[in-house]
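Reviewing the structure listed below.
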Amino acid sequence: MKISAIDTYVLKSALETPFAFSQGWVHQRCATLVKVTADNGLTGWGEAFTQGLEPPEIAAATIEHALRPHLIGADALDTSVIWHQLYHTTRDYGRKGSVVAAISAIDIALWDLAGHYYEQPIYQLLGGAHRHSVQPYATGFYRLQGKDEADRLAEEAVSHYNNGFTAMKIKLGFGVADDIAVMHKIAEALGDHQVELMVDTNHAYGYREALQLGRELELFNVRWYEEPVVPEDINGYRQLREKLDVPIAGGENEHTIYGFRSLFAAGAVDIAQPDIGSCGGITAARDIVAMAQAHGVSVNPHVWGSAVAQAASLQLLAAMPVTHHNLFPQQPLLEFDCSSHPFRNELIANPWQVTDGVVVIPSGHGLGIDIVPETIEKYRTNI
Ligand code: CA
């Protein structure tokens, strides 16, 4: 089965109400999608993760100009061979960021294609499912003004709970005093409800402020404290992990086995959070999970992309062993972004549902999704 065509799509939709995380204002939702077609007519879909401030055209241009020449005519089932070839040939200008996100998109599409070829879900090709459903946690709590929004955010927490979420992640990083006020209001609003909280500052602070906030977070029994400092500050991560009882999480801005090796070797994180759409796809995520196991680190994938990235995340979640085994181990959660995303749900024929507190992992071939071509046409822009 040879690769005969690569089609790259950049989708964009302006947000009616822009929102902020600690690094800036998000004005539009974007996705870089890729369709890989084989000479027998089978197709596979992939997505390069586009974070809120990232132009989707970078990954699209990488696919079109740097990766395509290595792909046409290659054996589509050579997922590992192709991954290493793409990584090696882009090393001198890639290794991280959007270039690896582009490789991720191709890799996800090849695994989807392999699933259609072998008529199996991707998790089966990875060795089988440790779980067939996963508890989602609500990602939200973005800012509409920036500061002094604790009351509105407390209402949002109650609304996630009423929508069936018993785990939620709060965006912080708007000043330590503001962050602490938000945490108190949310805890007060949730009262006695059994809700697990995580927090994420998107590396808003340096080590000292991150430590100060972390000490306050110990009051709230949070499941994890995400991206407390910039991804380059591995020593800062390690020191926070030593000083705080709160589990430290990070990795959405880290890439490939090489990047995660540095995090694990330094003892920087309790929980690694590779994003399948930017860590290097299914191939890299599989290897990162294995490396995490060997270092006693848990994995909880990051996902903020469209339905294709969510589907890839679900397949990995199925195939991931728990790191710390016991009779009642802590299971990984699905990141379920609740912020505005005009086309995410329209992109697939059967959008994700939270039913009885879980999302069922698709068991169809490949990613187990059916792309709606009309949605692609409606939101695509020229690249
Ligand atoms: Ca995050």
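Which of the residues spanning the stretch 265-296 are open to solvent by 10 Å² or more (accessible area, probe 1.4 Å) and free of Cβ contacts under 8 Å to residues at least 40 places away in the same chain?
ALA265, ALA266, GLY267, ASP287, VAL289, ALA290, MET291, GLN293, ALA294, HIS295, GLY296 - these are the residues of the stretch 265-296 that are open to solvent by 10 Å² or more (accessible area, probe 1.4 Å) and free of Cβ contacts under 8 Å to residues at least 40 places away in the same chain.
Determine whether the stretch 95-105 contains at least one residue that is touching a strand residue (DSSP E or B) at 6+ places or on another chain (Cβ under 6 Å) and over 24 Å from GLU232 (Cβ atoms).
yes
Under the condition of being within 16 Å of the ligand (Cβ to nearest atom) and open to solvent by 10 Å² or more (accessible area, probe 1.4 Å), which residue from the stretch 247-262 is farthest from VAL100 (Cα to Cα)?
Filtering the stretch 247-262 for residues that are within 16 Å of the ligand (Cβ to nearest atom) and open to solvent by 10 Å² or more (accessible area, probe 1.4 Å), the one farthest from VAL100 (Cα to Cα) comes out as PRO247.
Filtering the stretch 139-151 down to residues that are away from the ligand (no atom under 16 Å from the Cβ) and open to solvent by less than 60 Å² (accessible area, probe 1.4 Å), which residue is modelled with the lowest pLDDT?
In this case the residue turns out to be GLY146.
Answer yes or no: is there a residue in the stretch 127-138 that is of a type in the set (A, V, I, L, M) and within 16 Å of the ligand (Cβ to nearest atom).
Within the stretch 127-138, one or more residues are of a type in the set (A, V, I, L, M) and within 16 Å of the ligand (Cβ to nearest atom).
Here is a list: MET168, MET198. Which entry is within 16 Å of the ligand (Cβ to nearest atom), in contact with a Lys or Arg (Cβ under 7 Å, 6 or more places away or on another chain) and aliphatic (A, V, I, L, M)?
MET198
Can you pull out every residue in the stretch 215-227 that is away from the ligand (no atom under 16 Å from the Cβ) and part of a helix (DSSP H, G or I)?
Across the stretch 215-227, the qualifying residues are ARG215, GLU216, GLU218, LEU219, PHE220.
Looking at ASP179 and the list (1) farther than 18 Å from GLU335 by Cβ; (2) assigned by TED's automatic domain parsing to the domain that holds VAL354; (3) open to solvent by 10 Å² or more (accessible area, probe 1.4 Å); (4) not in a loop (DSSP other than H, G, I, E, B), which single condition is not satisfied?
Here ASP179 clears every test but (3).
Taking the condition closer than 26 Å to PHE260 by Cα, in contact (Cβ under 8 Å) with a residue 24 or more places away in the chain, open to solvent by less than 20 Å² (accessible area, probe 1.4 Å) and in a strand (DSSP E or B), does VAL34 pass?
Criteria met by VAL34.
Mind listing whichever residues of the stretch 60-89 are over 13 Å from ALA109 (Cβ atoms), in contact (Cβ under 8 Å) with a residue 12 or more places away in the chain and aliphatic (A, V, I, L, M)?
Residues satisfying the conditions are ALA60, ALA61, ALA66, ILE72.
Starting from the stretch 103-116, keep only residues that are free of Cβ contacts under 8 Å to residues at least 12 places away in the same chain, then list their pairs with residues that are open to solvent by 10 Å² or more (accessible area, probe 1.4 Å) and of a type in the set (Val, Ile, Thr) whose Cβ atoms are within a distance under 6 Å, requiring at least 6 positions of separation or different chains.
Every condition considered, no pair remains.
With the structure loaded, tell me whether ALA60 is farther than 17 Å from ALA284 by Cβ, in a helix (DSSP H, G or I) and not hydroxyl-bearing (Ser, Thr, Tyr) or whether it fails that test.
yes
Checking the condition over 24 Å from the mean Cα position of the chain (by Cα), at pLDDT 95 or above, more than 30 Å from GLY206 (Cα to Cα) and open to solvent by less than 20 Å² (accessible area, probe 1.4 Å), which residue from ILE3, ILE72 passes?
Result of the check over ILE3, ILE72: ILE3.
Give the residues of the stretch 301-311 that are surrounded by 24 or more Cβ atoms within 10 Å (Cβ to Cβ) and within 13 Å of the ligand (Cβ to nearest atom), sorted by residue number.
PRO301, HIS302, VAL303, GLY305
What pairs can you find where one residue is in the stretch 194-210 and assigned to a strand (DSSP E or B), the other is near the ligand (Cβ under 9 Å from one of its atoms), and their Cβ atoms are less than 7 Å apart, with a gap of 6+ or different chains?
Going by the 7 Å Cβ cut-off, the qualifying pairs are MET198/LYS169; MET198/GLU226; VAL199/LYS169; VAL199/GLU226; ASP200/LYS169; ASP200/LYS171; ASP200/GLU226; ASP200/GLU227.
Taking the stretch 312-359 as the search range and keeping residues that are open to solvent by 50 Å² or more (accessible area, probe 1.4 Å) and small (Gly, Ala, Ser), which one is modelled with the highest pLDDT?
ALA349
The values are calculated or read from the model by the stated rules, or taken from the named source; none is laboratory data. Note that the structure is predicted; figures quoted are calculated from it, not measured. Positions of Cβ are generated from backbone atoms using ideal geometry, with glycine treated the same way; all protein chains shown enter the neighbour counts. These area figures cover heavy atoms from the full protein model, side chains too; ligands, DNA and RNA do not enter into them. Shrake-Rupley method; radii C 1.70, N 1.55, O 1.52, S 1.80 Å.
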